[in-house]
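Data block below; observations after.
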Protein chains: 2
Amino acid sequence: MPAPLIEPVARLIESFARLPGIGPKTAQRLTYHLLRAPDGEARTLAAALVAVRDQVVFCERCYNISDAPLCPICRDPNRDQLRICVVEEPLDVLALERTGEFKGLYHVLHGAISPIDGVGPDRLKIRELLGRADEASRSGSPFDEVILATNPTLEGEATAMYLAERLEAVVGIVSRIARGLPVGGDLEYADEVTLIRALQGRRAV
Amino acid sequence: MPAPLIEPVARLIESFARLPGIGPKTAQRLTYHLLRAPDGEARTLAAALVAVRDQVVFCERCYNISDAPLCPICRDPNRDQLRICVVEEPLDVLALERTGEFKGLYHVLHGAISPIDGVGPDRLKIRELLGRADEASRSGSPFDEVILATNPTLEGEATAMYLAERLEAVVGIVSRIARGLPVGGDLEYADEVTLIRALQGRRAV
């Protein structure tokens with residue numbers, strides 16, 4: 001019979017433990033850390049949490065996170081308006097932006113098709129993507145390219161195939177990001193599917 | 001040149017990343033999770049954070065966390081008032097309480113002596129512990145036992161030795177928790193110091 005845990009402490013441990021990847025032990029550690037940290041630390045975190053929910057919205061064009069109806073990327077007139085990169089999550093946008101390699105716009109699906117998890121196309125921002133492509137096509141300047149950058153997983157591949165079929169007719173090129181050996185990886189330790197993809201995707205040097 | 005990160009999002013990632021054991025990647029994941037989770041999740045966590053700082057105090061006798069001047073353990077008249085277990089952190093109290101093995105009171109030092117980190121005895125609740133022992137001794141009913149349950153680390157051992165010297169004169173027995181092979185552990189993989197302690201601490205069966 002453990003001593004009764006002080007209620008506000010139990011509640012904070014519980015709230016932390018509900019976050020993905022945070023187990024009960026880590027939740028305890030975080031809670032006790034904040035109990036002893038300077039008062040500002042817990043309050044700053046609390047304020048940041050509330051601000052994120054109050055101030056952050058999704059871009060009404062690409063569904064990336066935004067602080068205004070249109071996100072900074074969609075607002076930027078210097079970006080290639082006819083090249084769209086389709087990703088599963090806002091974090092994927094961040095990862096791609098860090099490369100500085102892509103100068104077009106994005107479309108964030110907020111997930112991938114996964115019948116096992118009950119996620120059908122209607123649960124994602126797919127209708128909105130097809131709408132963007134359609135509208136561009138009908139206005140006389142169809143998208144030059146839609147790059148399908150969903151994850152190289154079962155769900156990501158299925159989503160890419162689903163989208164490719166439906167986009168073909170209304171955009172110039174539908175492409176899929178390359179799958180192969182990660183840079184710095186070791187051929188010896190690569191799984192077979194990755195190796196097969198690496199061979200299939202080979203190019204003349 | 002990555003796209004500008006929305007300010008409230010950047011601020012929340014930063015706040016999470018300041019927590020111990022949470023790297024920038026995890027901080028990102030948590031932030032994006034909360035962006036898409038039901039509104040209540042972020043607000044519940046924010047409220048729990050504020051509540052912990054507003055409602056939780058340290059017990060004025062044992063310095064464990066508490067919701068009142070005296071913590072639930074110090075308030076409990078059924079606990080052995082003359083047996084004190086000295087630990088480094090409130091989390092250690094929780095761990096010991098889970099065993100149900102100890103029926104006395106606690107004293108939480110809030111750290112261990114560590115000259116390298118600039119933590120001297122005066123930065124810990126050591127004066128308060130010596131005061132409790134002195135007062136009990138002078139009142140005619142000295143503590144039967146003070147169990148030194150600081151961690152089996154360099155700092156924990158140094159703290160235990162420091163306390164033992166100063167408590168000897170005013171309490172019945174000063175004891176130290178046993179160090180040895182962890183239950184379920186494997187002798188083959190134990191480090192030498194643990195093995196030496198296990199041998200030194202052997203008992204007749």
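Considering only residues of segment B:174-205 that are surrounded by fewer than 10 Cβ atoms within 10 Å (Cβ to Cβ) and of a type in the set (Lys, Arg), which is modelled with the highest pLDDT?
My answer is B:Arg202.
Looking at (1) within 20 Å of the chain's Cα centre (by Cα); (2) closer than 18 Å to B:Val146 by Cβ; (3) more than 7 Å from chain A (Cβ to nearest Cβ), which is the only condition B:Asp80 fails?
The one condition B:Asp80 does not meet is (1).
Determine whether B:Arg29 is closer than 15 Å to A:Ala37 by Cβ and either free of Cβ contacts under 8 Å to residues at least 12 places away in the same chain or not basic (Lys, Arg) (or both).
No; evaluated as a whole, the condition is false for this residue.
Out of curiosity, is A:Leu195 within 21 Å of A:Cys85 (Cα to Cα), assigned to a helix (DSSP H, G or I) and of a type in the set (A, V, I, L, M, F, W, C)?
Here the answer is no, as A:Leu195 does not meet what is asked.
State the number of residues belonging to segment A:49-67 that are among the basic types (Lys, Arg), within 7 Å of another protein chain (Cβ to nearest Cβ) and more than 13 Å from B:Arg36 (Cα to Cα).
Counting residues in segment A:49-67 that are among the basic types (Lys, Arg), within 7 Å of another protein chain (Cβ to nearest Cβ) and more than 13 Å from B:Arg36 (Cα to Cα) gives 0.
Using the structure shown, decide if A:Gly21 is surrounded by fewer than 16 Cβ atoms within 10 Å (Cβ to Cβ), under 30 Å from A:Tyr162 (Cα atoms) and of a type in the set (Gly, Ala, Ser).
Spelling it out, it is not the case that A:Gly21 is surrounded by fewer than 16 Cβ atoms within 10 Å (Cβ to Cβ), under 30 Å from A:Tyr162 (Cα atoms) and of a type in the set (Gly, Ala, Ser).
State all residues of segment A:92-120 that are in a helix (DSSP H, G or I) and surrounded by fewer than 16 Cβ atoms within 10 Å (Cβ to Cβ); if no residue qualifies, say none.
Across segment A:92-120, the qualifying residues are A:Ala95, A:Arg98, A:Thr99, A:Pro115, A:Ile116, A:Asp117.
How many of the residues making up segment B:32-56 are under 15 Å from A:Glu7 (Cα atoms) and surrounded by 16 or more Cβ atoms within 10 Å (Cβ to Cβ)?
10
Quick one: B:Arg132 ticks every box in (1) within 25 Å of B:Leu70 (Cβ to Cβ); (2) under 17 Å from the mean Cα position of the chain (by Cα) except a single one, so which number is it?
B:Arg132 satisfies all of (1) within 25 Å of B:Leu70 (Cβ to Cβ); (2) under 17 Å from the mean Cα position of the chain (by Cα) except (2).
Looking at (1) in contact with a Leu (Cβ under 9 Å, 6 or more places away or on another chain); (2) surrounded by fewer than 20 Cβ atoms within 10 Å (Cβ to Cβ); (3) over 15 Å from B:Glu88 (Cβ atoms); (4) not small (Gly, Ala, Ser), find the lone condition where B:Leu167 falls short.
(2)
Restricting to segment B:1-18, give me the number of residues that are modelled with pLDDT of 90 or more and either charged (D, E, K, R) or surrounded by fewer than 20 Cβ atoms within 10 Å (Cβ to Cβ) (or both).
Residues that pass the stated criteria total 5.
Give the residues of segment A:16-48 that are over 15 Å from B:Arg53 (Cα atoms), facing chain B (nearest Cβ under 7 Å) and small (Gly, Ala, Ser), sorted by residue number.
Matches in segment A:16-48: A:Gly21, A:Ala48.
Which condition from (1) more than 30 Å from A:Gly104 (Cβ to Cβ); (2) more than 7 Å from chain A (Cβ to nearest Cβ) is the one that B:Pro90 breaks?
B:Pro90 satisfies every listed condition except (2).
The values are calculated or read from the model by the stated rules, or taken from the named source; none is laboratory data. In this text, all values refer to a predicted model and were calculated from it rather than measured experimentally. In this analysis, Cβ positions are derived from the backbone assuming ideal geometry, glycine residues included, and neighbour counts consider all displayed protein chains.
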